[in-house]
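Presented below is the structure to which this report refers.
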Amino acid sequence: MDILAALPLQIAFGWTPLALVRIFKLARVAEAMSIWRQHHIHLWNTLRLVYFVYWLALSVHWLSAGWLSLRGIPPGADEWGAYLRSLYWCISTLTTIGYGDITPHTNAQVIYAMVVMIFGVGMYGYVIANISTIITNLQPARTRYLANMEKLGAFMRSRDIPQAMQRRIRDYYGYVWEQRLGYDEASIVQGLPPGLLVEVSLFLKRDIIAKVPFFKGASDDLVKEIALAMQPVVYTPGDVVVRAGDPGTDMYFISRGSMEVIAPDGRSVVATLRDGEFFGEMALLRDQPRSADVRAASYCDVYRLDKKSFDSVVTKFPDFAAHLRSIGTRRMDRSR
Ligand code: CMP
């Protein structure tokens, strides 16, 4: 194709339709576009828009050139002006505006105009559909969020969920959207190869790692193991995260928000735990039921460490176990 496109046929035969073999050069453009798309997959939507505008401009130019060749340019007339008028006719026909100030005269022109009109209707629909898809895709997370919220609204209405509960559900999703743009961190990270998984987990959990004072002096291995095992969870105000008397299944690190430890009377607050603090360690460490209720006082971003991972960490890192034990003893003394 390259060889065909490069043959200087117009020199040999003049400007005959044979010169059109140069169109094969477009295969190069399509190939380059496909390569850019593969190399810049993150820019896919922007590139799609650019490519679309390119092909659209090219089609309009060709159609204008076709019209111009049918109309002809009177000798001595301004060539540029004639092309501009042809482009004007083409765009006004394609966009279905059709002012009617330039009209076909010969049969060939009438047929050409009809073809352009039919092409225009299809292209117009295609342009609108494409542009709206591209613009929608430029904000995929937001689009998904809005679609999910609509579905949720319909579901809640169909099930007659009370207004107050509906508001809480909406607030929850609103919060998760604001904090994480609606992405489920755990499921995205899961597919990564082991080496990258550790690095990405450490990066994503850098906030909580920096906030928990014990992690600052802890070994890299301990931090890595905990960062890999911790799962993000969100609690809304009033949620009871652990209930006194229940068996311990997880411990929690607070990344953002505040949690209240409730006294056995169920009313007074024994302690308020904030960013970087943890809870739920006592039942796991001492193999006993939960010592108190812990309730979210605000929206809370929390990381959960399940019992299996907790047991593995405390067995491998006795320092961590000793640290938790000393804090647990202090907490028990305070609760008495
Ligand atoms: P656990 O007994 O597993 O469940 C309730 C949690 O509340 C407990 O672990 C501690 O993490 C936390 N807790 C209990 N008493 C106090 C306290 N006085 N100060 C801070 N946290 C506490």
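Observations, loosely collected:
- One residue stands out among those in segment 212-243 that are surrounded by 16 or more Cβ atoms within 10 Å (Cβ to Cβ) and among the small types (Gly, Ala, Ser): the one that is farthest from Gln190 (Cα to Cα), which is Ala218.
- Per-region count, segment 78-102, residues within 17 Å of Tyr124 (Cβ to Cβ) and among the small types (Gly, Ala, Ser): 2
- Helices (runs of 4 or more DSSP H) contained entirely in segment 140-211, each with at least 3 residues that are surrounded by 14 or more Cβ atoms within 10 Å (Cβ to Cβ): 140-158, 163-180, 194-204, 206-211
- Residues of segment 279-315 classified as crowded, with 20+ Cβ neighbours inside 10 Å, part of a helix (DSSP H, G or I) and either within 10 Å of the ligand (Cβ to nearest atom) or outside the structural domain of Val233 (by TED's automatic domain parsing) (or both), total: 4
- Residue that is farthest from the ligand (Cβ to nearest atom), among those in segment 316-336 that are among the polar types (S, T, N, Q) and free of Cβ contacts under 8 Å to residues at least 24 places away in the same chain: Ser326
- Taken as a whole, the condition of being more than 29 Å from Leu47 (Cα to Cα) and of a type in the set (Lys, Arg) does not apply to Arg142.
- All told, Ala271 falls short of being within 10 Å of the ligand (Cβ to nearest atom) and outside any strand (DSSP E or B).
- Test for Ala218: is it of a type outside the set (Ser, Thr, Tyr) and within 16 Å of the ligand (Cβ to nearest atom): no
- Checking each residue in segment 59-100 for being without any contact (Cβ under 8 Å) to a residue 40 or more places away in the chain and touching a Leu at 6+ places or on another chain (Cβ under 8 Å) picks out Val60, His61, Ser64, Ala82, Tyr83, Ser86, Cys90, Leu94.
- Candidates Gly14, Gly81, filtered to the one that is loosely packed, with under 12 Cβ neighbours inside 10 Å and either touching a Phe, Trp or Tyr at 6+ places or on another chain (Cβ under 8 Å) or modelled with pLDDT of 85 or more (or both): Gly81
- Residues that are surrounded by fewer than 12 Cβ atoms within 10 Å (Cβ to Cβ) and assigned to a loop (DSSP other than H, G, I, E, B), drawn from segment 94-113: Thr96, Ile97, Tyr99, Gly100, Asp101, Thr103, His105, Thr106
- From Gly276, Gly248, residue being outside any helix (DSSP H, G or I), within 8 Å of the ligand (Cβ to nearest atom) and assigned by TED's automatic domain parsing to the domain that holds Phe317: Gly248
- Condition check for Tyr172: away from the ligand (no atom under 15 Å from the Cβ) and either under 25 Å from Met149 (Cα atoms) or in contact (Cβ under 8 Å) with a residue 40 or more places away in the chain (or both): yes
- In the condition set (1) in contact with a helix residue (DSSP H, G or I) (Cβ under 7 Å, 6 or more places away or on another chain); (2) in a helix (DSSP H, G or I), Pro232 is compliant with all but (2).
- Residue check, Tyr88 surrounded by 13 or more Cβ atoms within 10 Å (Cβ to Cβ), part of a helix (DSSP H, G or I) and within 43 Å of the chain's Cα centre (by Cα): yes
- Single residue of segment 221-245 satisfying the filter (closer than 25 Å to Arg167 by Cβ and among the aliphatic types (A, V, I, L, M)) that is nearest to the ligand (Cβ to nearest atom): Val241
- Candidate set from segment 256-271 (those that are within 25 Å of Ile169 (Cα to Cα) and at pLDDT 90 or above); member that is surrounded by the fewest Cβ atoms within 10 Å (Cβ to Cβ): Ser258
The values are calculated or read from the model by the stated rules, or taken from the named source; none is laboratory data. Note that the coordinates shown come from a computational prediction; the quantities given were computed from them, not determined experimentally. Positions of Cβ are backbone-derived with ideal geometry, glycine not excepted, and every protein chain shown enters the neighbour counts.
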